[in-house]
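> Structure below; questions to follow.
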Amino acid sequence: MKEIKAIVYGVGSVGRDLVAPMLDKGVTIVGAIDTNPDLVGRDLGEALGRDPIGVIVKDDADSVLAEVKADVAMVCISTSLEVMEPHISRCLRAGVNVITATDSVAYPWRIAPEAGKRLDQLALENGVSLFSSGFQDAFQINLPLVLAGACHKIDLLEIKLASNLEHTGRAEAEMLGLGLSLEDFAEAAKHTDGGAVAEGKSAYFEAIPADFGVKVVDSHYSIAPVTAPTARYSKLTERHIPEGHLMGIDLVAEMDLEKDIKFRSVMSFYVFEEGQPDLSPVEINIKGTPNMSVKLSDIDIHAHVVLCLVNRIVDVIESRPGLVTNEQMPRPKFRPKAFGSYL
């Protein structure tokens, strides 16, 4: 059985939760990278409240990549491609496959074509793969595609979900306007392209028409404020959100596709009310021949983000070199045995 060696690059809210399922599936963690002074210099296992695993968290990524030989790096630092590109590039140059949860890496060919080309070329030159996974991999791309495979004609494919904004990073929550009044949000919107924000977080949806084999004729992306009906506390920002102020946003993506197919997604990110179960509803509606509606409840989005990343390790190691988008990968699979036994 092949030993799979991995680097955890970013030990934040997602990266720290990758450790247990990776170890459980026989993945050997050989490096850990983070700049958090509370983590640097500590054993990764001990830092996460586990038994020591013999891997010290370091803040010098180049030295880690030079010191260890890894099959894959789990790079989870930011959702911004601009922030992530140098981190991903560093791994690719070292000849390490990369799995990330960065939305715009999933399908960069229209929203960030130059960055996509740079990363694709770098991966090709070094014979490794780059892939973006996460919750969207299973629930917002592959599940809708499987359901669409049972239809003769599709007029509209619609996806709706709600997620607790507390799982994002503090900087991103501030960027989205958490806690602002409607007036301040409107003023901030004058200096921020909300459509670009929504587009960046919805880029992976373009894998759907790519899988259908049709082109995007037109597209529209927007954000809308979600206000607090009563005051509520945000643990993430450690402050109360007054009634009527922003507790989150709706990200809306709409695409007109060839063959008169329409696509619409509404992703609601907001601070859940205290005591509200930290679980999310997901709804997929298809209008066509025949109609179809699937509603999922009690979905732990954070857990599925983590597990979709981990469950793609075998696929990425076996994938062709280059930047690989979702529709080019096999469907996500459950692998009950140690991952090395599948290679």
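> Report, ordered by chain and residue number, the aspartates and glutamates lying within cross-link reach of Lys117, taken as a straight Cα distance under 14 Å and ignoring same-chain residues fewer than 8 apart.
Glu82, Glu85, Glu125
> List Lys153, Lys160 from most exposed to least, where exposure is judged by having the fewest other Cβ atoms within 10 Å.
Working: Lys153 12, Lys160 16.
The order, fewest Cβ neighbours first, is Lys153, Lys160.
> From the mean inverse distance of alpha carbon pairs (Kirkwood) and the Cα radius of gyration, derive Rg over Rh for region 1-58. Write down the numbers at each step before the final one.
Numbers: Rg = 10.6 Å, Rh = 11.3 Å.
My calculation puts Rg/Rh at 0.94.
> List the trypsin sites (Lys or Arg not before Pro) in region 230-301 that DSSP assigns to loop (not H, G, I, E or B) and whose Cβ has at most 14 other Cβ atoms within 10 Å. Which are they?
Details: sites: Arg232, Lys235, Arg239, Lys259, Lys262, Arg264, Lys287, Lys295; in loops: Lys235.
Sites meeting the loop and neighbour criteria: Lys235.
> Further question: Treat the count of other C-beta atoms within 10 Å as a stand-in for reagent exposure and order Asp218, Asp103, Asp184 from fewest to most.
On the way: Asp218 9, Asp103 22, Asp184 13.
Ranked by crowding around the Cβ, least crowded first: Asp218, Asp184, Asp103.
> Where a Cα-Cα gap under 16 Å defines reach, which lysines qualify for Lys2, not counting those fewer than 8 residues away within the same chain?
Within the straight-line cut-off, Lys2 pairs with Lys25, Lys69, Lys337.
> In whole Å, largest first, what are the principal axis extents of the Cα atoms in region 75-137?
Rounded to whole Å, the extents work out to 27, 21, 20 Å.
> Oh, and also: For region 112-189, what is the Kirkwood hydrodynamic radius in Å, using each pair of distinct C-alpha atoms?
Numbers: mean 1/r = 0.0590 Å⁻¹.
Answer for region 112-189: a Kirkwood hydrodynamic radius of 16.9 Å.
> Hey, which lysines would be in cross-link range of Lys160, C-alpha to C-alpha under 28 Å, not counting anything within fewer than 8 residues on its own chain?
Lys190, Lys201, Lys215, Lys235, Lys259, Lys262, Lys287, Lys295, Lys333
> Within 10 Å of each residue's Cβ, count the other Cβ atoms and sort His152, His220 from fewest upward.
Values: His152 7, His220 13.
The order, fewest Cβ neighbours first, is His152, His220.
> Nearest 500 deg cm²/dmol is fine: what mean residue ellipticity at 222 nm does the chain get from its DSSP H runs of n ≥ 4 alone, each adding -39,500 (n - 2.57), divided by its residue count? Working shown, then result.
Working: 13 runs with 104 residues, N = 343.
About -8000 deg cm²/dmol.
> Once Rh for the chain is found with the Kirkwood sum over Cα pairs, what is the Stokes-Einstein diffusion coefficient at 4 °C and 1.567 mPa s, in µm²/s? Don't jump to the answer; show the numbers that get you there.
Details: Rh = 21.0 Å.
This corresponds to a translational diffusion coefficient of 62 µm²/s.
> Right, another one. For region 1-98, what is Rg from Cα atoms divided by 2.2 N^0.38 Å, rounded to two decimals? Mind showing how you got there, number by number?
Working: Rg = 12.4 Å, N = 98, 2.2 N^0.38 = 12.6 Å.
Working it through for region 1-98, the quotient is 0.99.
> Using a basic spin-label model with each label point 7 Å from the Cα along Cα→Cβ, how many nm lie between Leu343 and Leu296?
2.8 nm
> Rounded to the nearest 5, what % of DSSP beta bridges with both residues in the chain are antiparallel? Walk me through the numbers before you get to the answer.
Details: 39 of 69 bridges.
Taking every DSSP beta bridge with both residues in the chain, the antiparallel ones total about 55 percent.
> If the chain between Cys151 and Thr28 were fully stretched, how many nm would it gain, using 0.36 nm times the residue separation less the Cα-Cα distance?
Numbers: separation 123, 0.36 × 123 = 44.28 nm, distance 4.26 nm.
That works out to 40.0 nm of additional length.
> Hey, with R₀ at 51 Å, roughly what FRET efficiency would Ala66 and Thr289 work out to, going by the Cβ-Cβ distance, to 0.05?
Numbers: r = 57 Å, r/R0 = 1.12.
After rounding to 0.05, the efficiency reads 0.35.
> Please work out how much length the chain gains when fully extended from Lys333 to Ala231, using 0.36 nm per residue of separation minus the C-alpha to C-alpha distance, in nm with one decimal.
On the way: separation 102, 0.36 × 102 = 36.72 nm, distance 4.19 nm.
So the chain would gain 32.5 nm between Lys333 and Ala231.
Every number here is computed from the coordinates shown, using simple stated rules; none is lab data. On a predicted model such as this, the values are computed, not experimentally measured, just so you know. We place every Cβ from the backbone using ideal geometry, glycine too, and count neighbours over all the protein chains shown.
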